[in-house]
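First comes the structure, then the notes that go with it.
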Amino acid sequence: MACGATPGISTGPTPPDKNLPSYHYQDTDGNLYYITAQKLIYTPVSATNTIDGTTDEGLYTELNISPNDYAKIAAVFEQQLRRNQNELTERSPNLPLPYLRREGDDNPKKMNIDYTAVNALNFVLEPFLDE
């Protein structure tokens, strides 16, 4: 019994809080991101649903994320939801408007976002999707 473990006491990982909000984000190319306390799901624009000639943006990806990763992502998303967003100018009307949506809590919110927000969100998400 030298390992220090106590029989009958479990100190395994705490399951994620299912009451935490989830986030939907669409970037400037139409790629979709869905983030929950447990997962990051990326649905790229592909050859079959390309918008205005945008090239393939990778593969569908579903990743398990840690509570710490979720907290970091959620903090950036919340920061952008609180910011006043600038109007997007010089943009083709055929391209989708980037947006951010929070749902699953008492204060759901959806808003179109600007390039500053897109850059911040892409910065926090890209490390998870780098191959």
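The values are calculated or read from the model by the stated rules, or taken from the named source; none is laboratory data. Values in this document were obtained by computation on a predicted structure and should not be read as measured data. We place every Cβ from the backbone using ideal geometry, glycine too, and count neighbours over all the protein chains shown.
Here are a few things to note about the model shown:
- Residues of region 71-94 satisfying the condition of being of a type in the set (A, V, I, L, M) and either touching a Ser or Thr at 6+ places or on another chain (Cβ under 7 Å) or closer than 25 Å to A37 by Cα (or both): A71, I73, A74, A75, V76, L81
- Residues that are of a type in the set (A, V, I, L, M, F, W, C), within 13 Å of the chain's Cα centre (by Cα) and more than 12 Å from N122 (Cα to Cα), drawn from region 27-45: I35, A37, L40, I41
- Residue within region 11-34 that is at pLDDT 75 or above, at negative phi, surrounded by fewer than 13 Cβ atoms within 10 Å (Cβ to Cβ) and part of a loop (DSSP other than H, G, I, E, B) present: yes
- Test: V124 is of a type in the set (A, V, I, L, M, F, W, C), surrounded by 14 or more Cβ atoms within 10 Å (Cβ to Cβ), closer than 14 Å to I35 by Cβ and out of contact with any strand residue (DSSP E or B) (no Cβ under 8 Å at 6 or more places or on another chain): yes
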